[in-house]
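**Q** I'd like to ask you about the structure that follows.
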Amino acid sequence: MSTKGRKSTNLSRRTTEQRNAASRNLDQMDTLKILDLMNREDRKVAAHVAREIPSIARAVDAIVARLQRGGRLIYVGAGTSGRLAVLDAAECPPTFGVPRTQVRALIAGGSKALTNAVEGAEDSATDAVRDLRRINLSPNDAVVGVAASGSTPYVMAAIKFARKRRALTIGVASNRNCPLRRAAAIAITPEVGPEIIAGSTRLKAGTAEKLVLNMLSTTVMVRLGHVYDNLMIDMALTNQKLSERSTRILMEAGGKPLSAVQHALRLSGHDLRIALVMLKHSLSAPAARQRLVQSKGNLRQALGE
């Protein structure tokens, strides 16, 4: 069989490429029927992701261990998968106050691929290796390859290179029986089934990827101490809305009136951690800062909780 023939056969075996019986004659349905069908299919996604929670938990614990050693969380993807990865990485610094270098994403085709299709980019194995070399991939890093098909050459090459560098490798795909599952140390493969438009993996497969990435990054950041209770204690105060949110967070966490919270924020240089220790223990900003230093940044310990 020719290489082209093998590729065609492999493609037909992927559940994400098969036709969905429920959406036959989709083009003859009215608007309400199409929307109802999409909603019914989307409701299945969370259940498929739930089955992968043990694998997601393993991935989270392994990522946390790497980041605690000074490593980074690095997403690698192409097309829709790459864009979702970039979105998740971009939201970590403002939400959790981490450096932009700690969570980052590589997308096949570079920044241009965020808004335009870059022909052939996802097929380039050499680009993946080049991109990881450029950021000086180390054994302390965790590389998460995201590919709905589970076979995208750019992602596969990145995972293989990461393994050679002894970095942690995690694969996220929507086809259980795929090369990415076999190549990565930890595989997360919620098999969501055929899309209502055959092969359009920006739909259920994309939704599953978004859910998995949400779970990975959020739980990692919680485990690293970037959340107090269920509050964004380390968020970046980059606009008026977030400044107002910081005030509400401290009022809820510290149990103090607005005037006391605003005073603590000013004296702490708008550092929510320092301000919270000040409020809970009636300390000066320098004393609160010293408590945090002594607890090595562990906020619960600094608060004596």
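**Q** Among the residues of segment 234-274, write down those that are buried (at least 20 other Cβ atoms within 10 Å of the Cβ) and outside the structural domain of residue 293 (by TED's automatic domain parsing).
**A** Scanning segment 234-274 gives a single hit, 234.
**Q** Taking the condition in contact with a helix residue (DSSP H, G or I) (Cβ under 6 Å, 6 or more places away or on another chain) and either more than 23 Å from residue 127 (Cβ to Cβ) or in the same structural domain as residue 64 (by TED's automatic domain parsing) (or both), does residue 198 pass?
**A** no
**Q** Looking at segment 186-195, can you tell me whether even one residue there is touching a Lys or Arg at 6+ places or on another chain (Cβ under 8 Å), among the charged types (D, E, K, R) and assigned by TED's automatic domain parsing to the domain that holds residue 145?
**A** yes
**Q** Further, regarding this structure: If you check 292, 283, which single one turns out to be surrounded by 15 or more Cβ atoms within 10 Å (Cβ to Cβ) and in a helix (DSSP H, G or I)?
**A** 292
**Q** Working carefully through the options 136, 175, find the one that is on the phi > 0 side of the Ramachandran plot, of a type in the set (S, T, N, Q) and either surrounded by fewer than 22 Cβ atoms within 10 Å (Cβ to Cβ) or touching a Ser or Thr at 6+ places or on another chain (Cβ under 9 Å) (or both).
**A** From the options 136, 175, the qualifying one is 136.
**Q** Would it be correct to say that residue 169 is in contact with a helix residue (DSSP H, G or I) (Cβ under 8 Å, 6 or more places away or on another chain), assigned to a helix (DSSP H, G or I) and of a type outside the set (A, V, I, L, M, F, W, C)?
**A** Here the answer is no, as residue 169 does not meet what is asked.
**Q** Across segment 82-132, what is the total count of residues that are outside any helix (DSSP H, G or I), in contact with a helix residue (DSSP H, G or I) (Cβ under 8 Å, 6 or more places away or on another chain) and not β-branched (Val, Ile, Thr)?
**A** Total satisfying the criteria: 10.
**Q** Further question on the same structure: Going residue by residue through segment 202-215, is there one that turns out to be under 30 Å from residue 35 (Cα atoms) and in a loop (DSSP other than H, G, I, E, B)?
**A** Yes.
**Q** Out of everything in segment 216-242 that is part of a helix (DSSP H, G or I) and free of Cβ contacts under 8 Å to residues at least 12 places away in the same chain, what residue ends up being farthest from residue 47 (Cα to Cα)?
**A** 240
The values are calculated or read from the model by the stated rules, or taken from the named source; none is laboratory data. What you are looking at is a predicted structure, and each value in this text was computed from that prediction instead of being measured. For neighbour counting, all protein chains shown are included, and Cβ atoms are generated from backbone atoms with ideal geometry for every residue, glycine included.
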